[in-house]
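Structure first, then comments.
The values are calculated or read from the model by the stated rules, or taken from the named source; none is laboratory data. The model shown is predicted, which means the values in this text are computed figures rather than measured ones. Every residue, glycine as well, gets a Cβ built from its backbone with ideal geometry; the counts of neighbours run over all protein chains shown.
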Amino acid sequence: MAEDISRNTLAHAHPKEVRGLIRQGKWRQPTAGLCQGRVQANLVILPRDLADDFLVFTQRNPKPCPLLEVTGPGSIEPVQTAPGADLRQDLPKYRIYRHGQLEAEVTDLMAIWQDHLVSFLLGCSFTFEAAMLQAGVPVRHLEEGKNVPMYITNRPCLPAGIFQGPLVVSMRPVLPVLIPQAIQVTAKFPSAHGGPVQVGDPASLGIQGLSRPDFGDPVTIRASEVPVFWACGVTPQAVAMRAKPPLMITHAPGHMFITDLKDEDLAVY
């Protein structure tokens, strides 16, 4: 499948159909723009003995880690958000971290799955992008067919147990006249990171160069535009590098889990 044709075709597909294509190995690209109107989620998988501390970490840091669902140990099915799905093989790419080091990027977890693993699904900013578009706020990485740019900041998260580390943010350039609209629209989705954490001034976040994101792809920022930053669900990966748990499995940045939930299920009016 050619990516441009497939992305257009899958923009309004049902999540179950897209998860099936992913499971068959027919889609390995970022999921931005797929299944528009459906909630996408970040994934974190940890051994049972670390799950309680990470749960507390999400509660203390709801902006980057808005919790959608936690599975029981060994369960592969997110019964609340996507009944029948398989978290071992329904994401395009996964990352395996051991003791803070990225060991591998894989397309499924069948070979390493164990019965003591607990999965966390966290809200994702891809969820509010359809609302941004409907409100007339362009989304540059969608226009350019890229992954959203993400940056490790100098802002620490509140620690819990071994879990400590910096906030990660995603960035979208916005015209000044549209910034109030972007803030208002995204603030309606607190379970998808909500409104921005910073408007302009990337240096105040410790970001030295917008053309060199820590994750994702650089996008065009026009002279009249302002970079706007939202908390990002890749934060646990930066935390893994700092906290060095013996094992943490995550989605590859931008390669999300697509749930059956509708965007409006998360909206707060």
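Just a few scattered comments:
- Boolean, Leu91 is touching a Phe, Trp or Tyr at 6+ places or on another chain (Cβ under 6 Å), part of a loop (DSSP other than H, G, I, E, B) and not aromatic (Phe, Trp, Tyr): yes
- Yes/no for Ile96 being surrounded by fewer than 17 Cβ atoms within 10 Å (Cβ to Cβ), farther than 30 Å from Gln198 by Cβ, of a type in the set (A, V, I, L, M, F, W, C) and over 13 Å from the mean Cα position of the chain (by Cα): no
- Any hit, the range 104-118, residues being part of a loop (DSSP other than H, G, I, E, B) and within 29 Å of Phe229 (Cβ to Cβ): no
- Leu102 meets all of the listed conditions (1) within 14 Å of Thr250 (Cα to Cα); (2) surrounded by 19 or more Cβ atoms within 10 Å (Cβ to Cβ); (3) of a type in the set (A, V, I, L, M) but one, namely (2).
- Pairs where the first residue, in the range 255-269, is small (Gly, Ala, Ser) and the second is modelled with pLDDT of 95 or more, C-beta under 7 Å, 6+ apart: Ala267/Lys188; Ala267/Phe189
- Residue count for the range 16-66, restricted to those that are over 16 Å from the mean Cα position of the chain (by Cα) and within 18 Å of Leu261 (Cβ to Cβ): 6.
- Enumerated strands (runs of 3 or more DSSP E) restricted to the range 205-269, each holding at least 1 residues that are touching a Lys or Arg at 6+ places or on another chain (Cβ under 8 Å) and surrounded by fewer than 19 Cβ atoms within 10 Å (Cβ to Cβ): 257-262
- Subset of the range 111-147 (residues that are surrounded by 15 or more Cβ atoms within 10 Å (Cβ to Cβ) and among the aliphatic types (A, V, I, L, M)): Ile112, Leu117, Val118, Leu121, Leu122, Ala130, Ala131, Met132, Leu133, Val137, Val139, Leu142
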